[in-house]
1. Let's test the formula: R0 of 56 Å, r as the Cβ-Cβ distance of residue 334 and residue 147. What FRET efficiency results, to the nearest 0.05?
2. Using only C-alpha atoms and all pairs of different ones, pull out the Kirkwood radius for segment 263-399 in Å with one decimal.
3. Tell me the label-point distance for the pair residue 272, residue 391, using the 7 Å Cα-to-Cβ offset, in nm and rounded to one decimal.
4. Nearest 10 degrees is fine. How inclined is helix 145-155 to the longest principal axis of the chain, computing both from alpha carbons?
5. Which peptide among 407-413, 344-350 comes first, and what is the full order, when sorted by highest mean count of other Cβ atoms within 10 Å?
6. Place a point 7 Å from the Cα of residue 164 along the Cα-to-Cβ direction; which residues of segment 122-154 have their backbone N under 20 Å from it?
7. Taking 7 Å along the Cα-to-C-beta vector as the label spot, tell me the residue 324-residue 369 distance in nanometres, rounded to one decimal.
8. Just to confirm the number: angle between the C-alpha axis of helix 219-236 and the first principal axis of the chain, 0 to 90 degrees, nearest 10?
Ligand SMILES: Nc1ncnc2c1ncn2[C@@H]1O[C@H](COP(=O)(O)OP(=O)(O)OP(=O)(O)O)[C@@H](O)[C@H]1O
Ligand SMILES: [Mg+2]
């Protein structure tokens with residue numbers, strides 16, 4: 001087991017190792033005993049987690065912050081932190097857990113300030129009523145499922161009857177009733193993952209923090225397990241912060257996605273909005289597969305009218321598309337237009353009654369479910385993905401004149417940087 005990735009209670013029952021760091025907590029065991037029992041979730045109106053202006057620098061005296069002025073709230077929902085490697089997802093999660101002290105900012109859990117560098121408040125992790133699930137679920141290999149889940153309660157001196165009761169309930173919740181006497185090695189990866197989840201849920205935490213919990217599983221099992229995990233989180237109805245850099249997982253798991261880059265929040269929205277209405281160049285290029293082309297706003301409907309968010313943009317020289325426009329753009333403004341690779345039409349002959357634009361197909365790459373075509377329109381190169389029943393894919397070679405049709409629904413306009 002890798003002790004650096006899990007929260008573990010140790011022999012003297014008053015020392016806790018969290019992510020490799022040893023905390024000595026006098027009287028912790030006795031205090032936790034009472035606290036861990038009284039954790040009924042409050043149904044109050046405030047968000048369960050509130051992160052305000054969180055900043056964390058690992059290297060002092062540098063401008064680069066791992067987390068830079070990050071603010072978001074989590075209600076009774078799954079919020080996913082999503083972004084490229086090194087963008088600050090884990091650091092944000094560790095700050096919420098109390099495993100990291102930020103340089104500034106405030107964190108509240110269930111209406112109580114747990115971190116405020118300005119006010120000098122820092123509640124230790126074991127008193128934050130959080131459940132943690134990490135990539136490496138690090139079950140104790142010599143303990144049966146029941147004992148792995150019960151361990152934390154035992155060292156907290158919870159009564160045997162209550163332990164049996166809570167372990168039984170939580171194993172039932174994660175669909176592992178009947179597996180109590182198995183050792184971790186006798187379980188599939190997905191089942192081990194559920195034991196790890198049960199182990200953090202047995203404390204009945206107010207919030208659950210999950211950092212890439214499925215990335216140890218192979219692709220097929222991972223696909224199944226994430227659907228199971230989503231169902232579980234919905235059933236339990238616990239406020240959760242989920243960290244992933246896997247796009248599909250982010251879309252599937254989340255009620256809301258917080259897209260991060262270089263320590264900052266780029267956009268926080270429902271999955272549909274993140275995909276179809278990116279608010280800036282980073283989100284437009286990072287989420288999904290698309291082409292970003294330069295455009296100019298030709299006109300916009302009068303703002304305030306029912307269709308006031310719609311207008312016309314010109315791309316690729318003289319191709320006009322009617323589409324949604326962000327409020328900041330007006331006629332004459334330069335902009336960037338995101339064209340989804342899999343949402344445009346590519347024809348071998350120009351169809352009647354549809355305004356297409358001529359293009360050259362430079363090359364074609366077979367990708368299994370889809371085929372990518374590299375096309376050149378004027379001096380712009382774009383990728384267009386087509387499915388296997390597209391006529392174009394049946395022809396022997398790429399090359400020659402083709403015709404592109406771009407619908408307004410397939411584009412999103414963002415301001416130029
Ligand atoms: N203990 C540390 N000491 C110094 N720098 C750190 C430490 N932990 C993280 N960092 C740096 O902070 C930045 C954010 O790291 P973080 O682990 O939060 O990224 P992440 O978004 O979780 O990435 P990944 O998807 O790769 O897990 C990175 O530049 C990383 O190198
Ligand atoms: Mg990480």
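A short reminder: the numbers here are calculations on the coordinates, not readings from a lab. As the structure is a computational prediction, the values presented were derived from the model and not from experiment. Heads up, the Cβs are rebuilt from the backbone with ideal geometry, glycines too, and the neighbour counts pull from every protein chain shown.
1. 0.30
2. Hydrodynamic radius (Kirkwood, Cα pairs) of segment 263-399 is 16.6 Å.
3. 3.4
4. 60
5. By packing density, highest mean first, the sequence is 407-413, 344-350.
6. 144-154
7. 2.3
8. Around 60 degrees separate the two axes.
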